[in-house]
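First comes the structure, then the notes that go with it.
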Amino acid sequence: MYPFLKLIKFDNLFLIAIAQLCVKYGLFDPFGIDITLNGFGITLLVLSTICITAAGNIGIEIYTSEHTNGLLNGVISEKAANLWFIIFNVIGVLIGFYMSNLIGRPGFVALFIIISGVFYIYASYLKEIIILKNLIIGVLIALSLIVIPIFDLLPAITDKNRASQTVFFSIVMDYAIFAFIITVIREITKDCITMDKDHNAGLNTIPITLGKDRTVKLISGLIIIPLGFVIYYIYTYLFSNTIAVISVLGFIIAPLLLFMFKSWNAETNKHFNILSVILKIVLFTASLSLLLYQFILK
């Protein structure tokens, strides 16, 4: 079971599901805004997203195995992985098709097809292109958040509620942008861990192109962007709520500063693994921060 969970990157799928549920039940439901999805609907939407993302993770592993020692070093056969790749993709797109028709927007199924296709293209062709592959993963993580208001808010928009719906949509967009930035930095950090393996496989990544020392300086500098983003957000929207400010400072700002300080002296794979975990914690706590809005905005 563990090799399979590692293949689909269960920990990342769990983070995506938590973030999506926090958007729904931490941001939308407490305010009684006009929504489209009930509990069954949001469950299907999360399941569809998770299935397509799992398929994408498997596709990436299949592609990588062609250059290395096989899937998870031979633990899982390529035939089995291809079967699961097809199964997860089909389930994800079929649920997306059902959901799109359920809310009366059949054209929305294109979103699931495009995401599924982008994962396949990334795994097959784009993984070797420097920078682009990091950006694509970041975009796909951001889309996993944006898909919630697309299906839950957009179909319920009227002339009367447009202003309030737009406010909540913009909050999710802000979080999606933050998730995109953190994910890109985390992917570059993870590239430092697999630098030797990628080099032997003939892959082209930022650490291979710039060297590990310059990449360390790059990620140390890039982390200033989400730091500035969160500080601006605190000053603009949360400054009047002491509990919210303390929570964000302790659970988001502090880990980002820790990442910055530790990245200055990062050299070994152990160091980069710690940095990757810190960013994963930031993504998790940022998702949970959505639960605070019911106390901030009311």
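What follows draws every value from the coordinates through simple rules; no lab data is involved. Keep in mind that this is a model prediction, so the values were computed, not measured. Using ideal geometry, Cβ is built from the backbone for each residue, glycine included, and neighbour counts are taken over all protein chains shown.
Details
- Residues whose amide H lies under 5 Å from that of ILE131, counting only those 5 or more places away or on a different chain, are ILE206; hydrogens are built 1.01 Å from N in the peptide plane.
- About its Cα centre, the dipole of the chain is roughly 240 debye, where the only charges are +1 on Lys and Arg Cβ and -1 on Asp and Glu Cβ.
- The modelled label-to-label distance for the pair PHE251/PHE295, using points 7 Å beyond Cα in the direction of Cβ, is 0.9 nm.
- Where only DSSP H runs of four or more residues are counted, the chain gives -23500 deg cm²/dmol as its mean residue ellipticity at 222 nm, each run worth -39500 (n - 2.57).
- Approximating the spin labels as points 7 Å out from Cα along Cα→Cβ, the PHE14-to-ASN273 distance works out to 1.7 nm.
- Under a Gaussian network description of the chain, with springs only between Cα atoms under 10 Å, the residue in VAL230, VAL75, VAL118 that fluctuates furthest is VAL75.
- Hydrophobic, long helices, defined as DSSP H runs whose alpha-carbon span along the helix axis is 20 Å or greater and whose mean Kyte-Doolittle value is at least -0.5, occur in the chain at 39-65, 78-102, 109-124, 132-152, 162-193, 269-288.
- Structural descriptor for the chain: relative contact order 22 percent, calculated from alpha carbon pairs under 8 angstrom and at least 6 residues apart.
- Candidate aspartates and glutamates - alpha carbon under 20 Å from LYS212, same-chain residues fewer than 8 apart omitted: GLU128, GLU187, ASP191, ASP196, ASP198, GLU267
- Of LYS6/LYS190; LYS197/LYS217; LYS217/LYS270; LYS24/LYS280; LYS24/LYS262; LYS197/LYS280, pairs whose Cα-Cα distance is over 27 Å: LYS24/LYS262
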